[in-house]
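This report refers to the structure that appears directly beneath it.
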Amino acid sequence: MERTADMYEKIVKDGPFSEIAPQAQMSLGTAREKQKNFVDAAKAYETAADRYHDRGQVAADALFRAGLAYQKQAETAEYDQSTAGQAIATFTDFITLYPEDPRVPQAQKIINALKTEQARGSFANAEYYESHKKWISAKIYYNDVVNLLLADPGSPYSIKARERIDALNKRLQQETK
């Protein structure tokens, strides 16, 4: 697969605006995905979206696939949630630039799922800090949960986080008296 990726890179390098370059750039992203190198796949797709922005369908496909690649990377990263943030930003760009694309509802669902996953991670961090009596740090992470789930204030994580913030506020007030 590495030789295939190298071949596509050479095609794009030698003729970035040739007739076959957009497909070669997209195929480079696909090759990187097959190697499970999702970050490089996303970068290849983002390059296609930027370089071929004047070719609507190519750019839309590239941006959507970049979001999917970041999402796949986010699924493999247990503690680092920055890739989930990149996926959210990429899908948000996709929705903004191509609001009529039929994949917009799918992108919105993926964004919501990624935000829920980020909230789960922040909730776990908050519980850790709370169990170690680091009340302010716990409150920061619980607040992060609430902010991540502003679009879904009735979610279990959001409700529980607000309850914990209230309890921590009472505790902190009692300690300052």
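The values are calculated or read from the model by the stated rules, or taken from the named source; none is laboratory data. The structure presented is a predicted model; accordingly, all values stated were derived computationally and were not measured. Because the Cβ atoms are built from the backbone with ideal geometry, glycine has one as well, and the counts that use them run over all protein chains shown. Only protein heavy atoms, including side chains, enter the accessible area calculation; ligands, DNA and RNA are left aside. Shrake-Rupley method; radii C 1.70, N 1.55, O 1.52, S 1.80 Å.
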- Task: Mind putting a number on the dipole of the chain about its Cα centre? Charges go on the C-beta only, +1 for Lys and Arg and -1 for Asp and Glu, and I need it in Debye to the nearest 20.
- Result: 720 debye
- Item | List 2, 75, ordered by accessible area with a 1.4 Å probe, largest first | 75, 2
- Message: I'd like the accessible area for residue 38, computed on protein heavy atoms only with a 1.4 Å probe and all protein chains in place. Round to 10 Å², please.
- Response: 20 Å²
- Task: Ignoring everything but the protein chains, give the 1.4 Å probe accessible area of residue 176 in square angstrom, nearest 10.
- Result: 120 Å²
- Return the calculated 222 nm mean residue ellipticity for the chain, to the nearest 500 deg cm²/dmol, obtained by summing -39500 (n - 2.57) across DSSP H runs with n ≥ 4 and dividing by the residue count. -27000 deg cm²/dmol
- Note on the structure: Taking only protein heavy atoms and a 1.4 Å probe, the highest-to-lowest accessible-area order of 140, 95 is 140, 95
- Query: Out of 39, 118, 71, whose Cα points farthest toward the positive end of the dipole of the chain (charges: +1 Lys, Arg; -1 Asp, Glu; placed on Cβ)?
  - Reply: 118
- Return the carbon/sulfur percentage of the accessible area of region 1-131, one whole number, probe 1.4 Å, all protein chains in place. 51 percent
- Item | Residue-level accessible surface for residue 40, protein heavy atoms, 1.4 Å, Å² | 60 Å²
- Message: Explain nothing, just the number: dipole magnitude of region 89-177 about its Cα centre with +1 on each Lys and Arg Cβ and -1 on each Asp and Glu Cβ, in debye rounded to the nearest 20.
- Response: 500 debye
- Among [x] 48; [y] 43; [z] 57, which one is percent of Cα pairs over 21 Å apart computed from these coordinates? [z]
- Query: Between residue 113 and residue 134, what FRET efficiency comes out of the Förster formula 1/(1 + (r/R0)^6) with R0 = 25 Å and r the beta carbon distance, rounded to 0.05?
  - Reply: 0.30
- Query: Under 19 Å from the Cα of residue 43, which lysines turn up, not counting those fewer than eight places away in the same chain?
  - Reply: 10, 13, 34, 72
- Message: Per residue, how large is the accessible surface of the chain? Use a 1.4 angstrom probe and give square angstrom.
- Response: 59 Å²
